[in-house]
Amino acid sequence: MLLKNILKKFITDCQSRRLSPRTIERYQNDCQKLTAYLSQRNIQDTRKVTTDHLRAYFAALHENISERTGKRLSPFTTHGNYRSINTFWRWTHTNEYIAHNPMERVRPPRTPKRIIKRLSERQLLILLDEIQRTAHPTRNRAMLLLMLDSGLRRGETVNLTIYNIHTAEK
């Protein structure tokens, strides 16, 4: 089956599972880049894609220049591409469009350890003071403290609902 047709089915499945629009867009963009790369090499059938093709793609991806920055793609960008493409091939294999997953033996690219600087006590006090000037200071303070205490990211915090709270668990 043609790679572009499988990709359409994959994206439709992502939409039916109600994945976030940003996730779907990421999967689609990353997989379309792979599809274009393989098409340039006259590979359009999913059954013809090999582990070597995918390794060559990731090697080439490390050398790509970002249109936005004019610099080589960051290791985090290439790792994100890897995750998207790996998800696509796992789905393709699980749904029996292919007999063997060519990503199975492709190892993820290394990423440097990223250590995020903590806010200083002064910065935290300034932030908490600024929150008092917002339209909903109590809610915003609770959200900020929740993120700081739990490590939740912004998107995870704003998408919390009452059903995410499990008071019986300790």
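The values are calculated or read from the model by the stated rules, or taken from the named source; none is laboratory data. Since this is a predicted model, take the numbers as computed values, not measurements. With ideal geometry, Cβ positions are generated from the backbone for all residues, glycine too; neighbour counts draw on all protein chains shown. These area figures cover heavy atoms from the full protein model, side chains too; ligands, DNA and RNA do not enter into them. Shrake-Rupley method; radii C 1.70, N 1.55, O 1.52, S 1.80 Å.
Only Lys, Arg, Asp and Glu carry charge here, each on its Cβ (+1 for the first two, -1 for the last two); on that basis the chain has a dipole of about 280 debye about its Cα centre.
Residues in segment 1-152 average 72 Å² of solvent-accessible surface per residue, probe 1.4 Å, ligands and nucleic acids excluded. As a size descriptor, the averaged projected area of the C-alpha convex hull of segment 1-89 was calculated at 5.9 nm².
In units of 2.2 N^0.38 Å, what is the alpha-carbon radius of gyration of segment 100-163?
On the way: Rg = 18.3 Å, N = 64, 2.2 N^0.38 = 10.7 Å.
Its radius of gyration relative to the 2.2 N^0.38 Å reference: 1.72.
Looking at the chain as a GNM with Cα springs under 10 Å, which of THR87, THR46, THR157 has the largest mean-square fluctuation? Result for the chain, Cα springs under 10 Å: THR157 fluctuates most. Applying the criteria of a DSSP loop state and at most 13 other Cβ atoms within 10 Å to the trypsin sites (Lys or Arg not before Pro) of segment 1-60 yields ARG17, ARG18, ARG41. Value of Rg to Rh for the chain, rounded to two decimals, is 1.09; Kirkwood radius and Rg both from alpha-carbon coordinates. Counting protein heavy atoms only, the chain has 51 percent of its accessible area on carbon and sulfur, 1.4 angstrom probe.
Report the relative contact order of the chain, percent, no decimals, based on alpha-carbon pairs under 8 angstrom and at least 6 residues apart. Value for the chain: 18 percent.
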